[in-house]
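The values are calculated or read from the model by the stated rules, or taken from the named source; none is laboratory data. In this text the structure is predicted, and so the values were computed from the model without any measurement. Glycine gets a Cβ as well: all are built from the backbone with ideal geometry, and neighbour counts include every protein chain shown. Heavy atoms of the whole protein, side chains included, go into the accessibility calculation; ligands, DNA and RNA do not. Shrake-Rupley method; radii C 1.70, N 1.55, O 1.52, S 1.80 Å.
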Amino acid sequence: MRFGMLGFAHVHAAGLARAVGQLPGAELAAIFDAEPERLNDAISLFDTKGYADVDELLRCDDINAVIVMSETLHHVSHVCEAAKAGKHVLCEKPIATTQAGALTMIEACQRFGVKFQTIFPMRFNRAALTFRQMIRDGAVGTPIAVKATNPGKKPLGWFGNQLLAGGGAVMDHTVHVADLLRWVFDQEITEVYAEVDTRIHPSAAVDDTALMMLKMSDGLTASLDASWSRPKAWPTWGGLTVQVIGDSGVLAMDAFGGHVHLIEDQGPSHEYLSLNDDANVALLQSFIDAIMNDSEPKITGEDGLRAMEVALCAYESARRHEPVACPDCLSS
């Protein structure tokens, strides 16, 4: 499986490129980027061909699939061009800056018969996988409430550009947790209330602070801190945790700490340690499997759309200063 990378702008681009090299039979064959310095750095680091023209890369018959890691604004055009060229698409989150853009991408991939998978590596994180299974096995009984966090450090460069990124911390960090909640509980997020501001980095042109309440389709509620509140030296890009309070105990998951902790009302407490594996490798393997087996990707374009809609609804809630229906508020 020969991959091309469309853009090397995202902070996770190098991680995905390294993951390709860890898979037998997979190769990063080419990288496109419109910025010469960034392109040169990338092709030097990964010893591959570079293209300053996206169409030239997409004309390569020996490239089977692309990984879209450009600035979020360019995802729509890059995904649609790749689909038209017959390339399967793995796209960084958020998949677009608007609902209409995301729908256009999904339709293009369907029309040209290519696979479209969203990059949500948390679904392949060992702690998250264990956490999901324990919830479904009834480890804490009936879930009553959820507390989630995904604070991180403020990314540099274009992440602070409203046009290129579509927003700030809310757009960057809400989507991971929104997807995780949908996946763990097999429910949709139907209502969003958010308070959004720029308080930690006063010179930022986008939001850096957000607290929100989310309501899911069966009435379960979740709080979420999705802020850029960690210092530059913080060791991970985020601090993704989820705590579920149930009627028979509490289950807490720390994705980067690599553990799930169960505290039961009756019985002992248990800690389940995860392995220090690379979720990106498992994510890429699942994408390759979907292509080779002609099956539905485990994380579809629609999954990317639903998570992005939660972030957009958070901005709409903050604008109105009231809870909003998700995703209905985006068309009202």
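How large is the charge dipole for the chain, taken about the Cα centre, if only the Cβ atoms of Lys, Arg (+1) and Asp, Glu (-1) carry charge, to the nearest 20 debye? Numbers along the way, then the final one.
Details: 26 positive and 43 negative charges, 56 e Å.
Using Cβ point charges on Lys, Arg, Asp and Glu, the chain gives about 260 debye.
Highest mean first, how do 158-166, 100-108 rank when packing is the count of other Cβ atoms within 10 Å averaged over residues?
On the way: 158-166: 17.3, 100-108: 19.0.
Ranking, from highest mean packing down: 100-108, 158-166.
Beta-bridge orientation, the chain: approximately 60 percent antiparallel, per DSSP, counting only bridges with both partners inside. For the chain, taking a cut-off of 4.7 Å between Cβ atoms, the unpaired cysteines are CYS60, CYS80, CYS91, CYS109, CYS329.
So for the stretch 244-332, taking the charge dipole from beta-carbon charges (+1 Lys/Arg, -1 Asp/Glu), which of ALA325, ALA252, ASN280 sits furthest toward the positive end? Comparing the listed Cα positions along the dipole, ALA325 ranks first.
Taking N as the residue count of the stretch 202-279, its C-alpha radius of gyration divided by 2.2 N^0.38 Å amounts to 1.39. Dipole size of the stretch 175-332 about its Cα centre, with +1 on Lys/Arg Cβ and -1 on Asp/Glu Cβ: approximately 580 debye, rounded to the nearest 20. By the Kirkwood approach, averaging reciprocal distances over each pair of separate Cα atoms, the stretch 205-332 gets a hydrodynamic radius of 18.1 Å. The calculated pair-distance distribution of the stretch 1-130 uses every alpha carbon pair, bins of 5 angstrom beginning at 0, and gives 2, 11, 22, 24, 21, 12, 6, 1, 0 percent. Using the average count of surrounding beta-carbon atoms within 10 Å as a protection proxy, the listed peptides 48-55, 91-98, 124-131 rank, highest first, as 91-98, 124-131, 48-55.
With a 1.4 Å probe and every protein chain left in place, work out the accessible area per residue of the stretch 11-154 in Å², rounded to a whole number.
Numbers: 5950 Å² over 144 residues.
In whole numbers, the stretch 11-154 has 41 Å² accessible per residue.
For the stretch 162-234, the Kirkwood estimate of hydrodynamic radius, built from reciprocal distances between every pair of different alpha carbons, is 13.1 Å. Placing +1 on the Cβ of every Lys and Arg and -1 on the Cβ of every Asp and Glu, with nothing else charged, gives the stretch 215-281 a dipole about its Cα centre of roughly 400 debye.
Listed by chain and number, the lysines whose alpha-carbon sits under 23 Å from that of LYS153, ignoring those within fewer than 8 places in the same chain, are LYS93, LYS232.
Note that the stretch 174-302 presents 48 Å² accessible area per residue, ligands and nucleic acids not counted, probe 1.4 Å. Kirkwood analysis of the chain, using all unique Cα-Cα pairs, places the hydrodynamic radius at 20.3 Å.
Put simply, when 278-290, 302-314, 224-236 are sorted by average Cβ atoms within 10 angstrom per residue, most first, you get 302-314, 278-290, 224-236.
Convex hull volume of the Cα atoms of the stretch 69-114, normalised per residue: 55 Å³.
Taking only protein heavy atoms and a 1.4 Å probe, the accessible area of the chain is 50% carbon and sulfur. Ranked from largest to smallest solvent-accessible area, with a 1.4 Å probe on the protein heavy atoms, ILE245, ILE144 come out as ILE144, ILE245. By the helix-only formula, in which each DSSP H run with n ≥ 4 contributes -39500 (n - 2.57) and the sum is divided by residues, the chain has a 222 nm mean residue ellipticity of -10500 deg cm²/dmol.
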